[in-house]
Every structure is written in C-alpha cells, then in structure tokens.
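I have placed the structure first, in the form of structure tokens, so that the comments after it can refer back to it.
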C-alpha cells in the first residue's frame, strides 16, 4: 500500500471541507449570531491540516489506485472529514465535550440524524445550518462530489467510487465516472431545489426550508426544531416531506431516466416497484392498527402512519409522532423497517431493498431446487441474471450486517444501557436512521449515552454509510500486511 | 468522443485502457461476465455483459451517438455481424473489424464499398509477418517499424562495446559521424525509457531506438558494428496461420524453410499448401528433433506456437543449440519486459500489433501512423503538420512540447531533416514524434488546432 497516495487524497478532501465552511460562515455573518470566530478557526484548522497532509505526501501524478488503497482512502477519509466537520460545534461551544461534537458531525455526514443536542433551538443558526449542510454533502457522497468537481481524481476514481458506493447493482450512467458523478449531483441538487420551493410555497421561511431540504434529500433527518417536523404541525408539510423522502429513497439513476423522458420507469424497475408497494402496504397495516387505538379519525391515522413509515424506511428519521406510544404491532413494524432501508443507489441506508429482493429470490430458488432437484434456475432482477459473485457478496453482506448489529448492541448494553435502547440505538445508527427505541426514541436524544458508547455508535454510522465492507475491512489484520 | 468496443479480450481490454486514459467515452461489450468485470473494475469505462452482435445491445450501448465501433472479439464472424448491425443502425458510425482468416485477405477493400461498410479491416497477422520478415533482415535489430510508406525505418538495436558510439555524447555525434549519424529517438537503459538530450552519453548495453532512411540503413547499422546478411535458412516452430503465411512469404524469396508442427492433420494441410517448404511433424521443444534438423545451422528460428511458454523455451533451446537468432511470439504483455533479461531480444506480438493499428485508426485524420514501442510504453507517431496546429510557423525552441515527447524528424518533400532548436515546421510537412504514452493525448490536441481556436 502506498501511503503517500492515501495521504494525498485525504489531504485534498480535508481542504475541501475547510473551503465549504465558507457557506455557514456566510450564514453566520448574515444573521450575526456570534459563531463567526468558531467557524473561521475551524476553517483555518482544516485548511492547514489538509495542506500539510497534501504537501507532505506530494506525489508525481497518480496512475493507478489499487482496491486496497481505494478502501483506505474512503474509510480514513470519511473519518477525517467527520473529525474536521466536528470542529465548528466544538469551538462554537454547542456541546460540552469533543466526543459530542464528533458524534454530531459523523451523524451528519453519514446522514444518520441522531443528535446529542438537548436544546436544538438554543444552538446558533449558522451551526444548525452547518449541521444540515453536512448531511446534504454526505448524502450523495463526498467522494462522488469530488469525482465530479476534481477531474484529477478521475484516473483512480473507480476504486474510490466502488468503496464509497458499493451498490449491489452497479450501473454507471455514462461511460465516464466523472460524468456520472456530475449527473447524480445535478439530479440531487435539482430535487433539493424543488423541495425548497414546495416548502416555501407552504409558508416556511427560507432558512428553515433550506435546512430541511438539505436533510430530506440525503435522508438525513436533522431538524432545526426541538420537536422535529412535528413543530410545523401541518398536513401540507407532512405531505411534502413524505413525497420528497420517497423520492430520496429511490435510485437516483431512475430519476435521471425519468428526466430523460422514461415516464414509467418507477414502475418498470422491479426494485423501485417493490419499495413503493412496501411503503404503501406497511402504511395501510399501521394505519389500521392505529385507527381507533391512538387516532380517532382514519385521516389522521393515515397521515401519521405514512409519515413515520416513510421516514424510517427511507432512513430519514424525522418525527411527527412518538411511535413509542403506538401499539406493539406498529412498533415492531417500525423496528423491522429500520433494517429494510431504501433502494440501492439512493441516499438512504439500511440493508437496501435490492439486497433483500435478491435474498428472497435466492431462498425461493433454494426451495424450488428442493422440489425440482434437476432444475436450472437463476436469480433475476429486472430480467437480468444476478451474477454469482454478486449473489455471494449480498449474502455475506446481510450476514455481516446482522452479526455486527448483534455484537454492537451487546457491547452497548455491557456499558450499562438498557436492552431496548441498545437494540434501538445500534439498529438506528447502523441503518443511518436517527431515532431509535427506549431512551433514544423520536422525542429523546443521544446525549445520555456513555462516552465510549458514543464512539461505538459513531463507528456504526460510518459502518452503515460505507456499507459494512469498506469500514470493517480496516479491522482485518490481513489488510495491513504488506 | 464515444467509442464502442465489442470484445473484452486482451486486445479489447488494452484498447479500452488506452482510450479511457485519453478521456474518451468508452463502452465495452462482451458475453463473459468475468471479462466485463475485469474491464469495469480496473478502468473508467462502461461495461455491458451481452453479445455485441445483437442490434438490441448495440442500441443500448448508444451506437447512434458513437463515433467509432471497434469489433475485436476472437471470432471473425461475430466481428462481421457486429459491424453489419452497426452499419444498419447507425451508418454514420465508423467501424473497424479485426478479421484474421486469410480467406478474407483479398476482400478487405470490398468490405468498404459493399455492406457491411466496414471502414477498416485489420488483420494483425499480416502486420506480424511483415515485422518478422523485417526483423530477419537485420539479425541484430530488436525492434523495427516503417514510417512514411516504408521510406523511413525506425530500428531498435542493442549497443555493444565494439560500436564506436558507446560512451559518446549525443551532441558530438554530428562531428564524429557526419551525415550518416543516426537520429536517436529513445534509449532504454535497465528497463527504463529515456528520451535523450544533447548531454546524454550512450552506454554499452543500451537499447537504442533510431530513425533512418531506407537507403542509409546499411551504413547506419554498420555504426553499431552490425551487418545485414542475406538469409539462407529459416526454421519455423508452429504451423498455425502466422507460420503458414510466413513460410509462403519466405518460399517466394527462395529461402530454405522448415516448419515444425505437432498436429499431424495440420502438417498434411501445410504440406499440401507448400511447394518447397519442408514440413516436419513433431514437438518443437524436442531437442533431438531440433538437432536432427540441424538447428545449429539455421540463420533464424521463429517460434510461433499458440503457447507462449513453449515459444520461449523453444527459442532458448535453439539459441543454446547454436541457432543464429530467434524470434519469439509472445502475446501476454506482462512477459514482454522480461524477454530481454532472459536473453530473447526479438519478440513479436500479434495483439500488440493489432492494438497499434487500431489506435492508429482511431486517431485517423491527424496522425498518419503510430507504432507502439516497448510494450505500450511509448509511441512513434507520424503526422502531417496542419496550418492551424500549434506546431507550425515558429522555431521549435519557442514551442512548448509536452514533457516526454520529442520531435525526431521533419520530412519536407523528399528530404529528411534532423530538427534543431531553430528549425521551423511548415504546414504540410510530415513530422515524426516519439512520445511516452502519458502525453499522447496532449500531443494529439496540439497537432490539431491551436488553443486560441477554442
């Protein structure tokens, strides 16, 4: 492994994070909220550290990045970005200790949306803006963004792209990676803009509309309000949020195809159809469960059920109702939703619908071959055969996902956290969702988790965002051997 | 510029890698999942796992927007059908097919005018036979190519201690050797490619690439203390398509030729096709057979079987038994740099030759010919200087050439000039440039239009 390559590219990423801090700085100067110094200081730190790393490891043109280097760059790069993104919270005195700042920052970049802020509305406007903005950056991916705007990364970009977006159905939109990355970001920015307009149309201020669009599209879930979306308490806003959360949970290459005139693509694509039908089906079940029990009218039962199901299944994590007060069946469905996740190629987390579909179809094929031992059957998605190596990697992924969930929640409960909270917190962090169960539910926050537990959870968030393999591989001794 | 490549074998992969490196939009189609996986994992290209001769798939790959379609699968028929479909769907797309069957040789031109309208048909085997033939002529030459319709040769020779050039600085060449001095384009020293300047000295053991006119070849080679001797006896191991072609070519020149082939049926077919050539049935790596057939007396042994390892061993064995020189066919690119260390200097590769002719075709218009040198490390490029290009109308010292490229010579009408800092390239001149792979695309841009035009 050539560490100078790794250091060099991480240096560029850190400088980049320093530069984008100009955005909250502008916000801070506009509102004059007293966080200017903290942001300038963080910018200075990030740019200096990045430049230092960049210059120390200067090299003469990268020709080829090996898969191992690609993984190291992405895994360590995301950790470094989380660290420097935390500085504004730390210097701005928004949190009592650095652990909390780092937790908030990683929760932002990985689009988890779990917060340690006990009083969100007490934090300065520019820091809240930064909190939303980093979710927006992290949503489509920092590496994808740098591939789109930094052409010199293009040569070894494929390895980086694969490490950051290890989608089970690899489809490049165009022959060249940098063009694909640009398209993804254009589509992403376009839908975000649309949401801002919708929110402002309903009477939301520009600041709140921006902050919420920045956290809906990446399926992040940070809100500028203590009560999350429930603060606005309007059916129109709920509807707009549900719509855009669903859009964010759909593969972005399908959005691109829709824009190019293929109107029925959402229905033609089997994963997307599965995702939409599942959202609808679960919403109906939960609505019926809530009707009469919690809400008197079918309308409001549907409104809250659909919002909560979509919010969890897309791994956004906004709240309009405290689902912990709901009946057992609804709570269990929400818990299962935490694992399902959104579509592959979307900004959502979790296991992803595509993987589950492949898993179901694989299981069915196994049963089928028991009945017809000599049959030749293949697993197909969208009429294309899923190659054997993809099949194996998906099975491995699902196994590893559940194993890590079990191990991490056991470790968390060993730190003195109760069982329900441990299970909920880890499921929520690994799936990049936000709220969990128990004492980290939709109306609570993560401030009371012990310090070591917070580090464990923020590692889980990175694990989930980079889809397990990229992050866990750093723990394998073989990876570090020459 | 969008390019579709059908076939992700060794040739397809390497062309894709070169073109992706030059920032072209490349789509590769192949039936094999593993081949597509290798391409998409290592290169910045789009891969489609399907048959490239299917019109549906070509449509999906974007044939209508594609500028060029390269059909380079192993099957001639698949390549032809792919080009036919491409012609049907998008007549504007330029097509190129690799067709190796000798039966098509006479009809390469006809493909252009009649359907499937293939713009270029390449058969690397014809090129390889030509290269082998040229290499035979100068026993010492390691590499050899032709430029300007064969009027100029470029030759790679190993410098040994007997040559008067060893240890001489390049800038003293003019005073020492006068007009016959070779135009040195590049030097390979310890596996490393150097583009020499005036201050450099040549060392014993260097592989020197130079350019010279056809008529002066003999004198120039004499400077290396090497001679051009007439060929008398040749032994070919491996009677495949290339072996047969080569034997026929040698037969026409009345050179005594023997072919060793291990397949009896193939031997019979060969003996039917040949008039004077001796066809031997046996294993080329069998020492007794080689001794029986007097391998020690042959001028050249050519190892052309389909198995690279056998070719290498046969060549080593023949050298050991006293053959004059050996020429070895090697297709695996990773072996090529190793060859000189194990003492096999002359290597030919049909794949490499296919790649260089295809690349030449892709760049058509600006560049007349391009020859890959040293595996794929560098290229010798021949081009016409256009009036609009940045290279004309100014003394060379005022032109900023990309680092790693050198203008080797200027050809104006019939004279070949060695450029100096004060030389001016005039529009219409032919120029020969030696360039490292990394700067080829920069050079390409430079040769087309001046930056101000954009």
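If you count, for every residue in A:175-186, the Cβ atoms of partner chains within 10 Å of its Cβ, what is the mean?
Values: counts 18, 9, 5, 2, 2, 2, 0, 0, 0, 0, 0, 0.
Mean partner shielding for this stretch: 3.
Which length gain, in nm to one decimal place, applies between residue A:1 and residue A:336 when the Cα-Cα distance is subtracted from 0.36 nm times their residue separation?
Working: separation 335, 0.36 × 335 = 120.60 nm, distance 4.00 nm.
Roughly 116.6 nm would be gained on extension.
Two decimals is fine: what is log10 I(q)/I(0) at q = 0.08 Å⁻¹ for chain B, from a Debye sum with one equal scatterer on every Cα and no solvent?
The calculated log intensity ratios at q = 0.08 Å⁻¹ are -0.50.
7 Å from Cα along Cα→Cβ at both residue A:66 and residue A:19: what's the point-to-point distance in nm?
3.0
What's the average, rounded to a whole number, of partner chain beta-carbon atoms within 10 Å of each residue's beta-carbon in B:14-20?
On the way: counts 0, 0, 1, 0, 0, 1, 6.
Counting other chains' Cβ atoms within 10 Å and averaging over B:14-20 gives 1.
So what is the relative contact order for region B:13-95, in percent, with contacts set as C-alpha pairs under 8 Å and at least six apart?
For region B:13-95, the relative contact order is 23 percent.
In angstroms, what radius of gyration and Dmax does region B:222-338 have, counting Cα atoms only?
That works out to 14.0, 47 Å for Rg and Dmax.
Using a 10 Å cut-off on Cβ to Cβ distances, tally the other chain neighbours for every residue of B:32-45 and report the average as a whole number. Please list the in-between numbers first.
On the way: counts 0, 5, 2, 0, 1, 4, 0, 0, 4, 5, 4, 3, 14, 5.
The per-residue average across the peptide is 3.
Based solely on C-alpha atoms, express the radius of gyration and the Dmax of region A:260-408 in angstrom.
Looking at region A:260-408, its Cα Rg and Dmax stand at 17.8, 56 Å.
Compute the FRET efficiency between residue B:60 and residue A:200 as 1/(1 + (r/R0)^6), taking r as their Cβ-Cβ distance and R0 = 35 Å, and round to the nearest 0.05.
On the way: r = 41 Å, r/R0 = 1.16.
It comes out at approximately 0.30.
So for chain B, averaging the separation of alpha carbon pairs under 8 Å that are six or more residues apart and normalising by length, what relative contact order in percent results?
Details: 919 pairs, mean separation 45.5, N = 454.
Relative contact order here is 10 percent.
When only C-alpha pairs under 8 Å and at least 6 residues apart count, what is the relative contact order of chain A, in percent? List each step's numbers first, then the result.
On the way: 803 pairs, mean separation 78.7, N = 482.
Dividing the mean separation by the residue count of chain A yields 16 percent.
Only bridges whose two residues both fall in region B:1-64 count here: according to DSSP, what percent of them are antiparallel, nearest 5?
Values: 0 of 9 bridges.
In region B:1-64, approximately 0 percent of DSSP beta bridges are antiparallel ones.
Would you mind computing, in nm to one decimal, how far apart the modelled labels at residue B:294 and residue B:218 are, each placed 7 Å from Cα along Cα→Cβ?
2.7
Counting only DSSP beta bridges with both residues in chain B, tell me the antiparallel percent, nearest 5. Working shown, then result.
Working: 45 of 86 bridges.
Approximately 50 percent, going by the DSSP bridge assignments.
Estimate the FRET efficiency between residue B:232 and residue B:338 by the formula 1/(1 + (r/R0)^6), using the beta-carbon distance for r and 45 Å for R0, to the nearest 0.05. Write out the running numbers ahead of the final one.
Values: r = 31 Å, r/R0 = 0.69.
Here the calculated transfer efficiency is 0.90.
Express as a percent, rounded to the nearest 5, the fraction of DSSP beta bridges in the protein assembly as shown (both residues included) that run antiparallel. Before the final figure, lay out the partial values.
Working: 47 of 89 bridges.
So the antiparallel bridges amount to about 55 percent of the total.
Express the Stokes-Einstein translational diffusion coefficient of region A:324-482 in µm² s⁻¹, to the nearest whole number, given a Kirkwood radius over alpha-carbon pairs, 4 °C and a viscosity of 1.567 mPa s.
Working: Rh = 17.3 Å.
Taking Rh from Cα pairs, D becomes 75 µm²/s.
Determine the equivalent ellipsoid of region B:1-85 by diagonalising the alpha-carbon gyration tensor, then write out the semi-axes as square roots of 5 times the eigenvalues, largest first, rounded to whole Å. The partial results should precede the final answer.
Values: eigenvalues 59, 41, 25 Å².
Three semi-axes, in Å: 17, 14, 11.
For the modelled label position 7 Å from the Cα of residue A:41 along Cα-to-Cβ, which residues of region A:105-126 have backbone nitrogen atoms closer than 18 Å?
What the label zone holds, given the 18 Å backbone N cut-off, is A:105, A:123-126.
Would you kindly work out the equivalent ellipsoid of region B:156-296 from its C-alpha gyration tensor and give its semi-axes, the square roots of five times the eigenvalues, largest first in whole Å?
Values: eigenvalues 342, 54, 35 Å².
Values for region B:156-296, descending: 41, 16, 13 Å.
Using only helices, what value at 222 nm comes out for the protein assembly as shown when you add -39,500 (n - 2.57) per DSSP H run of length 4 or more and divide by the total residues, to the nearest 500 deg cm²/dmol?
Numbers: 36 runs with 448 residues, N = 936.
So the helix-based figure for the protein assembly as shown works out to -15000 deg cm²/dmol.
Find the eigenvalues of the gyration tensor of the Cα atoms of region A:160-287, then list the square roots of 5 times those eigenvalues as equivalent ellipsoid semi-axes, largest first, in whole angstrom. Each step should come with its number before you reach the end.
Values: eigenvalues 147, 73, 39 Å².
Listed largest to smallest, the semi-axes of region A:160-287 are 27, 19, 14 Å.
For region A:1-124, what is the convex hull volume of its Cα atoms per residue in Å³? Write out the running numbers ahead of the final one.
On the way: hull volume 13.5 nm³, N = 124.
With only Cα atoms used, region A:1-124 gives 109 Å³ per residue.
Arrange the peptides B:191-202, A:131-142, B:382-393 so that the one whose residues have, on average, the most other Cβ atoms within 10 Å appears first.
Details: B:191-202: 13.7, A:131-142: 26.1, B:382-393: 18.4.
In descending order of packing, they fall as A:131-142, B:382-393, B:191-202.
Can you give the three extents of the C-alpha atoms in chain A along their principal axes, from longest to shortest, in whole Å?
Projected onto its principal axes, the Cα set of chain A covers 62, 55, 52 Å.
On average over all directions, what projected area in square nanometres does the protein assembly as shown have, based on the convex hull of its Cα atoms? Intermediate results must be reported in sequence, preceding the final value.
Details: hull surface 182.0 nm².
Mean projected area of the Cα convex hull: 45.5 nm².
Among B:261, B:203, which comes first, then next, by fewest other beta-carbon atoms within 10 Å? Could you put the intermediate results ahead of the total?
Values: B:261 27, B:203 13.
With the fewest neighbours first, B:261, B:203 line up as B:203, B:261.
In Å, what Kirkwood hydrodynamic radius results for region B:41-125 from the alpha-carbon pair distances?
About 13.1 Å, per the Kirkwood formula over Cα pairs.
How big is the C-alpha Rg of region A:97-139 next to the rule-of-thumb value 2.2 N^0.38 Å, as a ratio?
Dividing the Cα Rg of region A:97-139 by 2.2 N^0.38 Å gives 1.05.
Considering all alpha-carbon pairs of region A:358-405, what whole percent are spaced by more than 12 angstrom? The partial results should precede the final answer.
Values: 747 of 1128 pairs.
When all Cα pairs of region A:358-405 are counted, 66 percent exceed 12 Å.
All of the numbers you see were taken from the coordinates with simple rules; none came from a lab. Only a predicted model underlies this, so the values are computations on that prediction, with no experimental measurement involved. Cβ sites come from the backbone with ideal geometry, for glycine too, and all protein chains shown count toward neighbours.
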